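I have placed the structure first, in the form of structure tokens, so that the comments after it can refer back to it.
The values are calculated or read from the model by the stated rules, or taken from the named source; none is laboratory data. Here the structure is a predicted model, which is why all the values come from computation and not from measurement. Every residue, glycine among them, receives a Cβ derived from its backbone with ideal geometry; neighbour counts consider all protein chains shown.
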Amino acid sequence: MKKGKGMKFVGDSRITAEKVRFIPKDYSEYPGKTEAFWPNFLLKEWLAGSVFLVGFLCLVLAHPAPLEGPADPTDAAYLPLPDWYFLFLYQLLKYEFASGTFFIVGALVMPGLAFGGLMLAPFLDKGKGRRPTKRPITVSLMLLGIASVFWLTWQAADHVDWDAKAEQNKPVPPGSTVEIDTEDPGYAVYEQSCLSCHGGELEGVAGPSLVGIEYSADEIKEIAVEGIGDMPPGQFDGTEEELQQLADFIVSTNEQAKEE
């Protein structure tokens, strides 16, 4: 029995009649240090993720990924490249300190230290401050890592003609085979200069398919003489008349493919 507003009964004398509830302090008392998970923090995460997703989708629509044809193990001139997010590791293995006898350093040791540092970062840096100025060592290492990845990726991609590479290795769409006019004078020139790499039906063998390309006759003549991408110059050594016949034959074959 307690004095005050009347009597209160409890079933167990070990339980206090007046149980004090734990009420956390208001978040306004800790400006800049903490915030409510719902809805404050979660809403910010959703907004940041949505902005990134929309930007990524716009980038994909503006610059679609260049698709290549099926892998050809007989093409010794093909230069395989990893996906863009591994280009920095690909470039790292080109340097003397990370290749050859030091291959293990570039392939395992350096990436292992970098990714291991990211995993251990929460345990190594236990500072309570959230501002970058309060975590100079961690922020410096992170900026160094980001700059290294960007620089190595740029160096790996800078020397590659991606448009020519995609055009050369364009996959042949279904139903793109056409009937070849073997009586065309350009086909005889094609047999002498191009058939071994591009196939009897222009389907592509060691070289890419010539069916479905968008080049004009003048562009084909220039490529046949000067080369493009992995195709070296000097592959055609005929006369100017034969070169024109070859270009007209390839263009007419592609026009026929479009009609079909």
Taking interchain pairs and intrachain pairs at least six residues apart, which have beta carbon atoms under 7 angstrom, with the first residue in the range 247-260 and surrounded by 14 or more Cβ atoms within 10 Å (Cβ to Cβ) and the second at pLDDT 70 or above and of a type in the set (Lys, Arg)? 247/221
So which residues in the range 132-185 are over 28 Å from the mean Cα position of the chain (by Cα) and at pLDDT 80 or above? 132, 133, 134, 135, 136, 137, 185
Given the conditions (1) assigned to a loop (DSSP other than H, G, I, E, B); (2) of a type outside the set (Phe, Trp, Tyr); (3) closer than 16 Å to residue 190 by Cβ, report the number of the one that residue 248 does not fulfil. (1)
Selection from the range 78-93 of residues surrounded by 14 or more Cβ atoms within 10 Å (Cβ to Cβ) and part of a helix (DSSP H, G or I) yields 87, 88, 89, 90, 91, 92
Go through (1) in contact with a Pro (Cβ under 7 Å, 6 or more places away or on another chain); (2) modelled with pLDDT of 80 or more one by one and return the number of the condition residue 113 breaks. (1)
